[in-house]
Amino acid sequence: MSSPCVLEMAMNSILNLDDIKKALDAFQAVDSFDPKRFFEMVGLKAKSAEDVKKAFHILDADNSGFIEEEELKFVFKHFATDGRDLSDKETKAFLKAADKDGDGKIGAEEFAALVRE
């Protein structure tokens with residue numbers, strides 16, 4: 001797995017640093033995370049399908065082609081090295097919001113659909 005600093009830099013190549021900071025600040029409180037609102041605030045919703053795909057591959061830390069529940073917990077770390085971990089409640093809600101086929105993980109198409117919602 002790449003170091004958090006490399007991942008953060010990769011996300012910074014797609015998104016605006018100020019937008020990332022504002023979004024992370026908005027969801028500092030535990031159990032406040034709303035994935036749809038977060039992706040809109042960081043500016044991912046307005047990005048091209050190609051950029052959304054790049055973001056998916058960054059979040060897919062083990063390169064399995066899916067974002068699994070354990071990867072969701074650390075989603076903020078991909079945007080800023082000091083980003084907090086998601087709570088179990090937030091992680092499960094994130095998975096539920098995106099996992100449309102019920103296989104327990106988020107595929108690239110499901111991720112793109114969540115970002116665009």
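The values are calculated or read from the model by the stated rules, or taken from the named source; none is laboratory data. Small disclaimer: the values here were computed from a predicted structure and weren't measured. Remember, those area values only see protein heavy atoms, side chains included, never the ligands or the DNA or RNA. Shrake-Rupley method; radii C 1.70, N 1.55, O 1.52, S 1.80 Å.
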Applying the gyration tensor rule to the Cα atoms of the stretch 53-101 (axes a ≥ b ≥ c; rounded if a/c under 1.5, else prolate if a/b exceeds b/c, else oblate), the class is oblate
What number in nm² do you get for the chain if you take the convex hull of its Cα atoms and divide its surface by four? 6.2 nm²
Averaged per residue, the 1.4 Å probe accessible area of the chain, protein heavy atoms only, in Å², is roughly 53 Å²
Can you put MET41, MET9 in order of accessible area, largest first, using a 1.4 Å probe? MET9, MET41
Relative contact order for the chain, counting Cα pairs under 8 Å that sit 6 or more residues apart, in percent: 30 percent
Heavy-atom accessible area of the chain with neighbours in place, 1.4 angstrom probe: carbon+sulfur share in percent works out to 54 percent
